[in-house]
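Novice: What follows is a structure written as structure tokens; I'll ask about it next.
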Amino acid sequence: MTYARNFKDLIVWQKSHQLVLVIYKVTKNFPIHERYSLVPQIRRACVSVASNIVEGFHRKSNKESYHFYNYSEASLEEVKYQLLVSKDLEYINIEMYNEINELCDEVGKLLNGWMKKQVIK
């Protein structure tokens, strides 16, 4: 088994970072009137997913780490809802919604697996 030396070695972080980049790219095309409402909200939530993984990775105890991974999970659910709103308002098409939602699901599964692995330690 390889040891993660820093957060960039974590596949869960790599996928969550990929999600951040996709969300930023997609939200560039949202209507101008969403510039101060939905766009920053979904971006913040998405960045929070990756940021909390990083913060949890650098905590001293598993209990502390788990706390931040749990925040990450909650932020991911927030992103999923905001994606649904974006689709329903027709800011993104169904194909884009499905693609991003699939990436969210992948991040969620990886995060869940990572959390279970940390509890076992």
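Novice: Residue check, residue 5 against (1) of a type in the set (D, E, K, R); (2) surrounded by 16 or more Cβ atoms within 10 Å (Cβ to Cβ); (3) over 14 Å from residue 110 (Cα atoms), all met but one. Which one?
Specialist: Looking at each condition in turn, residue 5 falls short on (2).
Novice: Same structure, new question: Can you confirm whether residue 73 is farther than 17 Å from residue 55 by Cβ and out of contact with any Cys (no Cβ under 7 Å at 6 or more places or on another chain)?
Specialist: Here the answer is no, as residue 73 does not meet what is asked.
Novice: Answer with yes or no whether residue 85 is among the β-branched types (Val, Ile, Thr) and surrounded by 17 or more Cβ atoms within 10 Å (Cβ to Cβ).
Specialist: no
Novice: If you don't mind, another one. Among all residue pairs at least 6 apart or on different chains, which show Cβ distances below 9 Å where the first residue, located in region 24-50, is among the small types (Gly, Ala, Ser) and the second is at pLDDT below 95?
Specialist: Qualifying pairs under 9 Å: 50/7.
Novice: Among the residues in region 25-32, are any aromatic (Phe, Trp, Tyr), under 20 Å from residue 96 (Cβ atoms) and surrounded by 11 or more Cβ atoms within 10 Å (Cβ to Cβ)?
Specialist: yes
Novice: Can you tell me how many residues in region 1-44 are under 14 Å from residue 91 (Cα atoms) and aliphatic (A, V, I, L, M)?
Specialist: The qualifying residues number 6.
The values are calculated or read from the model by the stated rules, or taken from the named source; none is laboratory data. These figures come from a predicted structure and were not determined experimentally. Cβ: placed from backbone, ideal geometry, glycine included. Neighbour counts: every protein chain shown.
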